[in-house]
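The values are calculated or read from the model by the stated rules, or taken from the named source; none is laboratory data. Keep in mind the model is a prediction, meaning the values are calculated, not measured. Note that each Cβ is placed from the backbone with ideal geometry, even for glycine, and that neighbours are counted across all protein chains shown. These area figures cover heavy atoms from the full protein model, side chains too; ligands, DNA and RNA do not enter into them. Shrake-Rupley method; radii C 1.70, N 1.55, O 1.52, S 1.80 Å.
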Amino acid sequence: MGDDMTGAPVNDGNQGHTDGTDPGADLGIDTGQDPGTEHTARRDEAVQAAVEQGLLGPGAPIAALLDVTGVRESAAALRAAFDAVTAPGTPVLHAFAVKASPLVPVLRLLNEEGIGAEVASPGELALARAAGVRPERTVLDAPAKTPAELREALALGIAVNADNPQELERIDGLMRSATSRSPLGIRVNPQIGGGSIAALSTATATSKFGVALRDEGAREWVVRAFAERPWLTRLHAHTGSQGIPLSLLARGVEETYRLAEEINARLGRRQIDTLDIGGGLGVNFGSDATSPTYAQYAQLLKEAVPGLFDGRYGLVTEFGRSMLAKQGTVVARVEYAKSAGGRPIAITHAGVQVATRTVYAPQSWPLRIAAYDGKGRPKSGADVVQDVAGPACFAGDLLAEGQALPLLEQGDYAAALDTGAYYFAAHYAYNSLARPGIYGFVRDGAGGVSFATVREPQTVAEIVAESGGAHAAALTTLRAPGSR
Ligand SMILES: Cc1ncc(COP(=O)(O)O)c(C=O)c1O
């Protein structure tokens, strides 16, 4: 791994190696604390078992694997981290950001682990409900909520964070005509700056999210909004995601806390009783080590904003990527191995459809590729600098460019690591490439691996149906009067 000028991690193909580019580095956090050895071992066993059990093979050239043990461990680590820093009895809701893994079985698993849902669209809300996540464990944060969505959320009693004054006006209207159990808040943008990935930096001066606190009159407007609405009890901020230094995340929380203190002091009552601190903890894509950990982040927050944890405020968190990324792997068969301009190229079945961000913004989203042989066993041998390409019909469809790993040959498997969040679960339908099957796995206790289907592979019949197959003649029969 190397580092570019922006501080975004850049993959030079060095696998299984931790360096100074991971998100914990700005705090001098020891990245070697949790090397992820067990995690690596489970993944290797799962890839081999997936080949042996036919989930991967010539007729099933791509599959996504989800480490169920890892997901449970991740949820437990999050709960323990905040339990360790909050005063006894503090209400804490960890709401998983559904966008990171919009899969009903994943949401059900997390729900069983005590993790709720943060939703940002009607579809995500429907997924959370299908998973059985209760309304009081659900938070709605979408930036473009319609009146109907707001009405539904308030009827269900789901927490809602209003993004802007116009949205608050809509909520006013609904609150006049009905009562609701929904905890209601305002999302603010502390405007403290961005990180190394502009597209994921939500606290810049001109970010589209929340009330821009430092704009003229905005802070006063927020104070007044609370003064006039005793039912507004929460403040929300999400400072950004991957690429935001931990210290900046902590500052975002601190600014939000300060505003809550100011509002409560000016109103002379503890009207704001809960702070929603968003998600955003970064993931180390450079090795199997989990870094930074939830425990490190929670500790940092406690040091930066001690008053937040003394029991006067309830807490909501909205982590996504950090919960799931390292638990997922896309494995794709090498259909052909070729060479161009002296560069070996493995043509695989995983590309832009499952790794959209990596393909379009490779500097910001480098992925490590692990090489497995045709039986799903880790490949050994000298590292060879090579490209790992996807199946889509454009030149940039590369999972990795110039990455050093054992030479991938026809019939081998290439695994894109740390793809459990925002990758295979966020399919991009370029070239009408099918959504791959997703399979959860656990060790079976007898030396093998058990799988469960999370999502069936998409069939070509489904692709036709979703692409207007039922309306084949719709355009040829639609004629303007008098036209030929
Ligand atoms: C409001 C909000 N909360 C939480 C998240 C989850 O962020 P992450 O996956 O980085 O933890 C996002 C991501 O876009 C978000 O917009």
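Each of S241, S483, S380 has its accessible area taken with a 1.4 Å probe; listed largest first, they run S380, S483, S241.
Our note on the geometry: Cα centres of the stretch 352-399 and the stretch 414-442, 13 Å apart.
Rolling a 1.4 Å probe over the protein heavy atoms gives the chain an accessible area of 41 Å² per residue. Stretched out straight at 0.36 nm per residue, the stretch from A126 to A84 would grow longer than its current Cα-Cα span by 11.8 nm. Against the chain, whose longest principal axis comes from its Cα atoms, helix 165-177 is set at around 70 degrees.
Kirkwood hydrodynamic radius computed over the chain comes to 23.7 Å, based on all pairs of distinct alpha carbons.
Look at the dipole of the chain built from charges on Cβ: of T290, H238, G381, the Cα furthest out on the positive end belongs to H238. Given axes a ≥ b ≥ c from the Cα gyration tensor, I'd like to know whether the stretch 326-469 is rounded (a/c under 1.5), prolate (a/b larger than b/c) or oblate. Cα axes put the stretch 326-469 in the oblate bin. Counting only alpha carbon atoms, the long axis of helix 246-267 and the longest principal axis of the chain meet at about 20°. Taking the C-alpha atoms only, the angle from helix 294-304 to the longest principal axis of the chain is near 30 degrees. Where the accessible area of the stretch 326-469 is counted over protein heavy atoms with a 1.4 Å probe, how much of it, in %, is carbon and sulfur? Answer for the stretch 326-469: carbon and sulfur cover 53 percent of the accessible area.
Net charge in the neighbourhood of I62 (other residues with Cβ under 11 Å of its Cβ; Lys, Arg +1, Asp, Glu -1) is +1. In summary, the stretch 266-316 shows an alpha-carbon radius of gyration equal to 1.50 times the 2.2 N^0.38 Å reference for compact globular proteins.
Shape annotation for the stretch 68-322: C-alpha extents along the principal axes are 50, 38, 37 Å, from largest to smallest. Per residue, the chain reaches -8500 deg cm²/dmol at 222 nm when only DSSP H runs of four or more residues are counted, each adding -39500 (n - 2.57).
So what does R357 come to for accessible area, using a 1.4 Å probe and Å² rounded to 10? Near enough 90 Å² of accessible area. Find out how many positive minus negative residues lie around R435, taking Lys and Arg as positive, Asp and Glu as negative, among other residues whose Cβ is under 11 Å from that of R435. Result for the local shell: -2. Between T476 and Q166, the simple spin-label model (points 7 angstrom out along Cα→Cβ) gives 4.2 nm. With the simple spin-label model, which puts each label point 7 Å out from Cα in the Cβ direction, the S339 to A429 separation comes to 4.1 nm.
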